[in-house]
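Below you'll find the structure, written out as structure tokens, and then a few comments.
Here, each number is a calculation from the coordinates, and none is a lab measurement. What you are looking at is a predicted structure, and each value in this text was computed from that prediction instead of being measured. Positions of Cβ are generated from backbone atoms using ideal geometry, with glycine treated the same way; all protein chains shown enter the neighbour counts.
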Amino acid sequence: MALDSKSDTQTRDFKVVGTRPNRPDGIDKVTGRARFGADITAPGMLIGRVLRSPHAHARIVSIDTSQAEALAGVRAVVTSADFNKIEDDDFTADILDNCMASEKAMYDGHAVAAVAASSEAIAKRALKLITVEYEVLPHVTDVDAAITADAPVLHEGRTDETVPAGMSGNVISRFEFGHGDIEAGLAAADKVLERSYKTEATHQGYIEPHACMASMGPDGQADLWCCTQGHYMVRNTCAAIFGMEQGQLRVTASEIGGGFGGKTTVFLEPVALALSRKSGRPVKMVMSRSEVLRATGPTASSSVDIRLGMTKDGRITGARAELRYQGGAYPGSPVEFGSMSAFAPYDLEHVKTVGWDIVTNRPKQAAYRAPGAPMAAFAVESAIDELAKGFGLDPLEVRLKNAAREGTKSSYGVTYPAIGLEATLRKAKDHPHWTAPLGPNQGRGVACGFWFNFGGDTCVSLNITPDGTVTVSEGNPDIGGSRASMSMMAAEELGIPYEKVRTIVADTGSLGQNEVTDGSRVTFAVGLATIEAARAAKREMCRRAALVWGIDEEAVEWIDGAAQPAGPNAGDHPPMTLAEIAATASNTGGPIAGHHEANPEGAGVSFATHMVDTEVDPDTGAVKILRYTVFQDAGKAVHPAYVEGQFQGGAVQGIGWALNEEYIYGEDGVLQNAGFLDYRIPVASDLPMIDTVILEIPNPGHPYGVRGVGETSIVPPLAAIANSVSESAGVRMAQLPMSPPKVLAAMQSK
Amino acid sequence: MSQVHVTTTINGDPTEFLCEPDETLLDVLRDRLGMTGSKEGCGTGDCGACSVTVNGRLVCSCLVLGAEAEGAEVATIEGMSDGETLHPLQRKFIEHAALQCGICTPGLLVAAKSLLENHPDPTEEEARYWLAGNLCRCTGYDKIIRAVMDAAEEMREAS
């Protein structure tokens, strides 16, 4: 049979892809029917609560749980003593230690014990009856302070072989990328800018706190329901922690109330399983907002030194970045991604980045939308802007002059295929926003951003029902409309209406391994698997039609939702629609399905250019966002409204990061703003509409040309806004957030 | 302390419940009455995910005691549609893709309904300030504001 080949896709005339149908979970979500993590209940359910360290760094001398255990209604109390010690697997051991502290409490809010009781009120009372004896230790929360010689060392012996001898034990790893000769490159410049930049830690800020319900029986089987970006990851991680076989733990993902990377690991899940095992009852756990902020992953704070050389006509001759990221109390800050992505938008002969992964007494960082990239882009794009404006050059022209294109060897090693950076820059330059007049105290900034995009293990099963509707089972939680996109791609491929396809997120017992919903991978990888599963089903349906017609299956092709003879030699047979083939499937060999399992390469890197106008209040330093436009390459926008939504959402998270959001620690190492009143994310009245321009430079690695779009949109805003505010305020802003007191102080000191 | 017996009306339904004196209306709705459409995002009145109306007034149900519902008319997201017919705001939220994850959606819809009941013809700025107490982390509010303005226009034309 004939199938659409990958090479057809750039000129393909799509019928469903590119339209804006209503999402299948829409009604549930506007009526309150959708069930999120905290909405799950079970008969006999207990409520679990966590006791958390009030100290930033303390040795746990002893924990006495006897009084709590004696309280009526308490069914189980667990501490680290209730978990196996994990040997030879630092990655999992760190995750477990973060879920339940063993020898030391590493940060304010670190879990040290947990209880399960018949009511939340009793559970809370029980926490007060647990006595923990702490030996308080010196702490450090700042990334630059953590690498000084007299900083308290969090872990002994965790530094790896990449780190030169003699550095603080808080330096865990060193990364290096680049090519050419930096000193020679800088020597060729008309001007070399050297500047340091700092960003504060910000939280993903999903509105739904972490929640789960666990049920573990004495036979070793367990069920877990939770809000997560990857229930397969939850299964595998919990199985490793408990020494269980993965097949004995079934995890079902609830609807997820936002994640942005923050729900790509476990926090409560192992604790709930341990409490359930000990109590013999289902245990539900839900975090409070302050627990979310104190104990789940914010992103890293960063300190970056840039050396950038430019000729007076705007050519970058040499570029060096040294990046220090603290990722909280355990190894694994996203500094490697930061180091790889810092100069990724540019075609540079001499480029080098050095990254340092540093630990501090803060919560273990978790991925946050393009993890590591926004801070690096903040520094690089600020430096480019400052040099360009210093020479009186157009900052878009300077970026165009240095832009990476097809065939460019990137700073992190790969050579690019067709990419969309230049297209976003040209579109930005031609956009009316670029030439719109500005008033007093107003400025305009631009910046570019890059993200890798991932593939990853993926399984999709597509089943044809007897009445000719189609069900798609995939294994990735739908975090922003992906069930709609999968249904659209299945409908496109099968040639049937969108409404005939229903996509569900299946539990871990129903499909093989699926990578987490991360890396902007889902529309790309799960979409690819959905298309391939549909193709497998089409092949089978063509075979069934051939059987009915008594002709060779190669003589049948699939056109417009029906099997048809592939030319005059195949005989004169009326088309058999999908519904007709489905209705007789029982007589032609049984039910029809297609499935596809893969770890697809070719995710296709992504670029964006952002443009923003700001106004600074000279009396208060407050910054108002006046106008914002996102230009980003989507490869192919499957559901353009949800692509726009990703652009807008990323831009606004970036606005929060640039202007207001920060983790504020006191001298005591305690988080001072663990609530939405003081950790201030953008609200509707802070913002204008966020304009979007979708570019479509097809990704050759996807049947329809799709690239991931979710993460790139948070990469440019920090720098774009800083470049704009620097113009509005008349002083270069090199530290985030640009909150009113900081902007005012900068203006007064200029 | 013993529990409080409360007689109230929720979405037009006569309802009785027992609650602790210090139990919030949100916990009563979610844990005692099984009405989990109202969400807890913060528990401190900062995010608006638990928005309901009590006697027509928009409140965060996490800041109201269950006992305060005595004799009151409470309206939640579960009562917003009329049988099979969605409220225009609900329909416009779907059509405009005004939700991504959907966790803030019930609270935003309750708050937006309250806005349009008080101000049927709001400016964009008025809508933005009215909804400033409802946090959404996914959308950047653009499509939410468009959905609200579109619903307002449709409702004005229909009335």
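General remarks:
- Between A:Ser62 and A:Gln672, full extension at 0.36 nm per residue minus the direct alpha carbon distance yields a gain of 216.9 nm.
- With neighbour counts taken as other beta-carbon atoms within 10 Å, the residues A:Ile694, A:Ile256, B:Ile144 rank, fewest first, as A:Ile694, A:Ile256, B:Ile144.
- Separation of alpha-carbon centers, the stretch A:566-597 and the stretch A:100-166, rounded to whole Å: 61
- Computed from Cα atoms alone, the Kirkwood hydrodynamic radius reported for the stretch B:88-158 is 11.7 Å.
- Modelled FRET efficiency - R0 22 Å, A:Asn599 with A:Thr92, Cβ distances, 0.05 increments: 0.55
- Alpha-carbon geometry of the stretch A:259-342: the Rg and the Dmax are 20.8, 72 Å, given in that order.
- The dipole here belongs to the stretch B:4-79: it is taken about the Cα centre, uses +1 on the Cβ of Lys and Arg and -1 on the Cβ of Asp and Glu, and is about 240 debye.
- Sorted by Cβ neighbour density within 10 Å, fewest at the top, the residues A:Phe378, A:Phe676, A:Phe343: A:Phe676, A:Phe343, A:Phe378
- Counting Cα-Cα pairs of the stretch A:175-240 in 5 Å increments starting at 0 gives whole-percent bin shares of 3, 9, 12, 12, 9, 7, 7, 7, 8, 9, 7, 4, 3, 2, 0.
- Helical content alone sets the calculated 222 nm signal of the protein assembly as shown at -8000 deg cm²/dmol, taking -39,500 (n - 2.57) per DSSP H segment of four or more residues and averaging over every residue.
- Remark: relative contact order (the stretch B:4-79) = 40 percent; criterion is Cα-Cα distance under 8 angstrom and separation of 6 or more residues.
- Distance violations [Cα-Cα > 18 Å] among A:Lys263/A:Lys364; A:Lys312/A:Lys401; A:Lys104/A:Lys128: A:Lys104/A:Lys128
- Coil-residue GluC sites (Glu not before Pro) of the stretch A:582-639, DSSP, other Cβ within 10 Å capped at 12: A:Glu601
- Considering only chain A, percent of DSSP beta bridges that pair antiparallel, nearest 5: 75
- FRET efficiency, A:Thr41 to A:Arg315 (Cβ-Cβ, R0 51 Å, nearest 0.05): 0.20
- Here, P(r) means the percent of Cα pairs in each 10 Å bin from 0 to the largest distance; for the protein assembly as shown it is 2, 12, 21, 24, 21, 13, 5, 1, 0.
- The value given for the stretch A:465-624 is a Kirkwood hydrodynamic radius of 18.2 Å, derived from the mean inverse Cα-Cα separation.
- Centre separation in Å (Cα based) which lies between the stretch A:693-730 and the stretch A:325-374: 18
- Loop GluC sites (Glu not before Pro), the stretch A:405-482, which have at most 13 other Cβ atoms in a 10 Å radius of their Cβ (DSSP): A:Glu406
- Taken about its Cα centre, the protein assembly as shown carries a charge dipole of about 500 debye when Lys and Arg each add +1 at the Cβ and Asp and Glu each add -1 at the Cβ.
- Restraint check, A:Lys389/A:Lys636; A:Lys85/A:Lys352; A:Lys284/A:Lys636; A:Lys742/B:Lys39; A:Lys29/A:Lys429; A:Lys636/B:Lys143, Cα-Cα greater than 32 Å: A:Lys389/A:Lys636; A:Lys85/A:Lys352; A:Lys284/A:Lys636; A:Lys742/B:Lys39; A:Lys29/A:Lys429
- Nearby aspartates and glutamates by direct alpha-carbon distance to B:Lys92 (threshold 12 angstrom, same-chain neighbours under 8 apart not counted): B:Asp150, B:Glu153, B:Glu154
- Among A:Gln648, A:Val74, A:Thr265 the positive-end extreme of the charge dipole of the protein assembly as shown (Cβ point charges): A:Gln648
- Computed Kirkwood radius, in angstrom, where 1/r is averaged over Cα pairs of the stretch A:510-557: 12.8
- Applying 0.36 nm per residue to the separation of A:Leu393 and A:Asp13 and subtracting their alpha-carbon distance, the gain on full extension is 132.6 nm.
- Sorting A:Lys429, A:Lys364 from the fewest to the most surrounding beta carbons within 10 angstrom yields A:Lys429, A:Lys364.
- Filtered GluC sites (Glu not before Pro), the stretch A:74-124: DSSP coil and at most 11 other beta carbons within 10 Å: A:Glu87, A:Glu103
- Given R0 = 41 Å, the distance between the Cβ atoms of B:Glu73 and A:Asp467 translates into a calculated FRET efficiency of 0.35.
- Normalised alpha carbon radius of gyration of chain B [divisor 2.2 N^0.38 Å]: 1.04
- Per-residue average of Cβ from other chains inside 10 Å of A:17-29: 4
- For chain A: relative contact order, % (alpha-carbon pairs under 8 angstrom, 6 or more apart): 16
- Projecting the Cα atoms of B:Val6, B:Thr44, B:Ala67 onto the charge dipole of the stretch B:4-79 (Cβ charges, centred on the Cα centre) puts B:Thr44 farthest toward the positive pole.
- Only one residue of B:Val148, A:Pro741, A:Pro698 has its Cα farthest out toward the positive end of the dipole of the protein assembly as shown, where Lys and Arg carry +1 and Asp and Glu -1 on Cβ, and that residue is A:Pro741.
- Treating each Cα of the stretch B:4-79 as an identical point scatterer and summing with the Debye formula, the log10 of I(q)/I(0) at q = 0.24 Å⁻¹ comes to -1.11.
- Using C-alpha pairs under 8 Å with a sequence gap of at least 6, the mean separation divided by the residue count of the stretch A:236-328 gives a relative contact order of 18 percent.
- Simple spin-label estimate for A:Arg33 and A:Glu194 in nanometres, 7 Å along Cα-Cβ: 6.5
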